[in-house]
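Report on the structure given below.
The values are calculated or read from the model by the stated rules, or taken from the named source; none is laboratory data. Note that the structure is predicted; figures quoted are calculated from it, not measured. Here the Cβ is made from the backbone with ideal geometry for all residues, glycine too, and neighbour counts use every protein chain on show. SASA here: full protein model, heavy atoms, side chains in, ligands and nucleic acids out. Shrake-Rupley method; radii C 1.70, N 1.55, O 1.52, S 1.80 Å.
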Amino acid sequence: MATGMDVLNLSIGGPDYLDLPFVEKVWELTANNIIMVSAIGNDGPLYGTLNNPADQSDVIGVGGIDYNNHIASFSSRGMTTWELPHGYGRVKPDVVAYSRDIMGSKTSTGCKTLSGTSVASPVVAGVVCLLVSVIPEDKRKSILNPASMKQALVEGASKLVGPNIYEQGAGKPDLWQSYEILKNYQPRASVFPNMLDFTDCPYFWPFCRQPLYAGAMPVVFNATILNGMGVIGYVKDPPVWQPSEDVGNLLSVHFTYSDTIWPWTGYLALHMQVKDEGSQFSGIISGNVTLSIYSPAAEGESSPRSSTCVLYLKIRVVQTPVRSRRILWDQFHNIKYPSGYVPRDSLNVNNDILDWHGDHLHTNFHILFNMLRDAGYYIETLGSPLTCFDASNYGTLLMVDLEDEYFSEEIQKLRDDVVHKGLGLAVFAEWYHVDTMVKMTFFDENTRSWWSPLTGGANIPALNELLAPFGIAFGDKILSGDFSINGEQSHYASGTDIVQFPAGGFLHGFELQEDPKTAQNSSTPDTQNSQSQEKSKLSSILGMLEVGEGRIAVYGDSNCLDSSHMVTNCYWLLRKIVEFAANRVRDPVLFSEATRLEFPVYENIQKPLRRPDVNFSMFSSVIGKELICHQDSRFEVWGTKGYGIQPTGTTRKLPEYQKKEVSSSPNRLIKSSYSRQDEAGLQKSLLAPSANKFDDKRDYFGFISHEEVASQWMVPACFAVTTCVMVRQLQSATKAPSTKERALNWSFDKFGVTWKVVWSQRRSCSCVSGHLPWYMITGIH
């Protein structure tokens, strides 16, 4: 700024778009009319791997191609991940340039070749300098700025055949076409891209891969506003959707956009939803979106500058698919870097310590998305709590590699959705081991603080609480190895094991290698019969179960679905799981009688515990937050708590974290008085250990707390030794009623919680010596 520089190239970058000292300096530079060009990154071919500052809208982000006009394999792909989980990312890169085997001069003498987006970026910076040089000097200040230059580049670029918009942006720069645009340029605003043709494949992937239909979650497209009129601007009037034909009125479009367009750029998000009356419509809907932008008057002008932008829209609509073909992807419960330190899913990958690719269907799970579409499924994304979708519309809820907690309303609704509404649930977990997380702590020189993982590859304590009403729980083993099912080879990469599963389900175990750090903490399973003893020699990793009207499938690893560091995919397994969850189709191998559980499986080991020494609430969308449906959910529940949820005014808290000790450094370790001795004392009275009161409320009682679910495992009455023993301990601890009649209004205090048994029946439990009397508990508040 001090030297009056016009163009700045930065062939550097990193994933932390929340590094505010750096990001704000970039804003300061562009706000002072310096045109910044930056390399998009060399983390391709993975999606969601954009580097900052190239991913900022006020910067010209440059990707790479080879001399055959193919996207370079190393060139990072979009979308941006700033906006997740509630929104959708912007288009990046802006343009692409030659980046492989580029000849340049050495710093001494002679020439050398280099490859990477770091050499593509200076090529575009050179293009920008040439365009600056042909504008008369007396007009440069009034014409040239970061927005007008990006307008000239993207509007003049040549679109490449083959790559999609998140690989190439606007395409390859065309110097002459950009010059023609600038030659007669008048300050104006525009939208990039200015045409959304969702019938144009593959350029508009993923939108062209799946049509819109009534009843679906809104499809969100995030366009960029380029304001060449001034460094600051505003949207004058709300955008307007104008269909080309009457049939276009079947499409409802809501908008969210920047309150202030600064510096030079903003966003315009289109939330598109087909109205219910269009459930039987199939065809094309087209039209225009118009919005007006204004900026304060420039120097020497008396009135504000204004401009009208037009965005052309063309989409394909089909009849609403049947329920069994519709899958809902849970995006809401994902926590990503930045700014949370969430470690990688595969511990065998040492050169990439952070889980920073977004974990979105259109980033590192894009191949999974394409596979499901090829199989005839329709996949929608939910960036709001589980209360914000109508389960009767979906065959399967797909929960993969999730790190956040769950509202109590979500847990209750999911149970009801599965048991009563027939929802299929597919869960792919990840490793979780506290000692391993502690060993991954490091000192960050930039923030001058210790960084420690918030959770493991997935938040197993939270998942266990979500699955507790179904009698399912994961452990804290870290397992790796190869196995096969009916000739299908699979690789288990740092996954976890299943330690609790109800009778009547189908449970698969394989001989896998256990990480030595977790093996030493493992104890002998509480084996109740020969079947359990046989299972104990193996590690259970795959389970399937019918519950009420619904179906559940759980698997302990997600690496085989994640394109980031995949060794072997398990798409074949996902297809079979979805067929079971949505259509009740039982694969003869996965549902062989040899894997059917006659008795519940419960391993007598300590379940994974939450970390009390990290401030989880700073990164969570649940802890300390209000349950609310965001603008990615159906229009009718925007701003509400969702379907059938009454306002309570409460927010979720983790009681073990002391807020008074909050550090200004979000990932810094917090000293806590919580100790292993305290934890052990809390667990003496139950065979099912858990971290704290937060867990204890549902470990066993969630397993048998509802008559509809419990009855499946309570016939005959003594369904498991562990339950008999648990109730025996409750009897001795709480002085349960001894009458032979039904005992009503039996209440007791345990674990700091008042429990009220609303229905119980005295039984004789013959599966332990002495025919111990016990109570079949079917309802607990």
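Quick notes on this one:
- Identity of the residue in region 169-184, open to solvent by 20 Å² or more (accessible area, probe 1.4 Å) and among the polar types (S, T, N, Q), that ends up nearest to ILE40 (Cα to Cα): GLN177
- Restricting attention to region 265-282 and to residues that are open to solvent by 20 Å² or more (accessible area, probe 1.4 Å) and not charged (D, E, K, R), the residue that is nearest to GLU28 (Cα to Cα) turns out to be TYR267.
- Exclusive hit being out of contact with any Ser or Thr (no Cβ under 8 Å at 6 or more places or on another chain), modelled with pLDDT under 95 and among the hydrophobic types (A, V, I, L, M, F, W, C), set LEU354, LEU397, LEU386: LEU354
- If the condition is being over 25 Å from CYS570 (Cβ atoms) and touching a helix residue (DSSP H, G or I) at 6+ places or on another chain (Cβ under 6 Å), then region 365-392 contributes PRO385, THR387, CYS388, ALA391.
- Number of positions in region 377-411 that are farther than 22 Å from PHE221 by Cα and among the aromatic types (Phe, Trp, Tyr): 3
- Residue in region 34-45 that is within 23 Å of the chain's Cα centre (by Cα), closer than 23 Å to GLY266 by Cα and of a type in the set (A, V, I, L, M, F, W, C) present: yes
- Output for region 212-238, where each listed residue is closer than 17 Å to ARG188 by Cα and either of a type outside the set (A, V, I, L, M) or out of contact with any Leu (no Cβ under 8 Å at 6 or more places or on another chain) (or both): THR224, LEU226, ASN227, GLY228, MET229, GLY230, VAL231, ILE232, GLY233, TYR234, LYS236, ASP237
- Within region 549-593, the residues that satisfy the criterion of being among the charged types (D, E, K, R) and assigned to a loop (DSSP other than H, G, I, E, B) are GLU549, ASP557, ASP562, ARG584, ARG586, ASP587.
- Looking at ASN583, ASN604, ASN615, ASN569, just one residue is farther than 24 Å from ILE552 by Cα and not aliphatic (A, V, I, L, M), and that residue is ASN615.
- Qualifying residue in region 196-205 (condition: touching a strand residue (DSSP E or B) at 6+ places or on another chain (Cβ under 7 Å), assigned by the TED database to the domain that holds GLY126 and surrounded by fewer than 20 Cβ atoms within 10 Å (Cβ to Cβ)): no
- Answer residue from region 266-320, given it is among the polar types (S, T, N, Q) and in contact with a Gly (Cβ under 6 Å, 6 or more places away or on another chain) and is nearest to TYR203 (Cα to Cα) among those: THR320
- ASP613 being open to solvent by less than 20 Å² (accessible area, probe 1.4 Å) and in contact (Cβ under 8 Å) with a residue 60 or more places away in the chain: no
- Residue within region 164-180 that is touching a Gly at 6+ places or on another chain (Cβ under 6 Å) and among the β-branched types (Val, Ile, Thr) present: no
- You will find that of SER133, SER190, the residue that is of a type in the set (S, T, N, Q) and over 26 Å from LEU291 (Cα atoms) is SER133 and no other.
- Enumeration of residues in region 576-599 that are over 14 Å from ILE485 (Cα atoms) and either open to solvent by less than 60 Å² (accessible area, probe 1.4 Å) or in contact (Cβ under 8 Å) with a residue 60 or more places away in the chain (or both): VAL578, PHE580, ALA581, ALA582, ASN583, ARG596, LEU597, GLU598, PHE599
- Counting only residues that are more than 20 Å from GLY644 (Cβ to Cβ) and either within 19 Å of the chain's Cα centre (by Cα) or not assigned by the TED database to the domain that holds VAL547 (or both), region 425-457 holds 12 of them.
- Residues located in region 295-320, provided they are touching a Phe, Trp or Tyr at 6+ places or on another chain (Cβ under 8 Å), open to solvent by 30 Å² or more (accessible area, probe 1.4 Å) and among the polar types (S, T, N, Q): SER306, GLN319, THR320
- Considering each residue of region 307-330 in turn, none proves to be assigned to a loop (DSSP other than H, G, I, E, B), within 30 Å of ASN583 (Cα to Cα) and among the aromatic types (Phe, Trp, Tyr).
- The residues on offer are SER292, SER286, SER244, and the sole one that is open to solvent by 70 Å² or more (accessible area, probe 1.4 Å), at pLDDT 95 or above and polar (S, T, N, Q) is SER244.
- Under the condition of being surrounded by 22 or more Cβ atoms within 10 Å (Cβ to Cβ) and in a strand (DSSP E or B), the residues counted in region 224-236 number 5.
- Filtered residues of region 254-264 (kept if open to solvent by 20 Å² or more (accessible area, probe 1.4 Å) and either without any contact (Cβ under 8 Å) to a residue 24 or more places away in the chain or within 27 Å of the chain's Cα centre (by Cα) (or both)): HIS254, PHE255, THR256, TYR257, ASP259
- In region 394-411, the residues that are free of Cβ contacts under 8 Å to residues at least 12 places away in the same chain never reach a residue that is outside any strand (DSSP E or B) and open to solvent by less than 10 Å² (accessible area, probe 1.4 Å) with C-beta atoms less than 8 angstrom apart, at least six apart or across chains.
- Single residue of region 11-32 satisfying the filter (in contact (Cβ under 8 Å) with a residue 40 or more places away in the chain and more than 30 Å from the chain's Cα centre (by Cα)) that is most open to solvent (accessible area, probe 1.4 Å): ALA31
- Condition check for PHE255: modelled with pLDDT of 95 or more and not in a loop (DSSP other than H, G, I, E, B): yes
- When the strands (runs of 3 or more DSSP E) confined to region 54-168 are screened for residues that are in contact with a strand residue (DSSP E or B) (Cβ under 8 Å, 6 or more places away or on another chain), among the aliphatic types (A, V, I, L, M) and open to solvent by less than 10 Å² (accessible area, probe 1.4 Å), those reaching at least 1 such residues are found at 60-65, 95-98.
- Residue match in region 557-574 (condition: among the charged types (D, E, K, R), assigned by the TED database to the domain that holds GLU488, at negative phi and under 18 Å from the mean Cα position of the chain (by Cα)): yes
- Considering residues of region 44-53 that are in a loop (DSSP other than H, G, I, E, B) and not β-branched (Val, Ile, Thr) only, the residue most open to solvent (accessible area, probe 1.4 Å): PRO45
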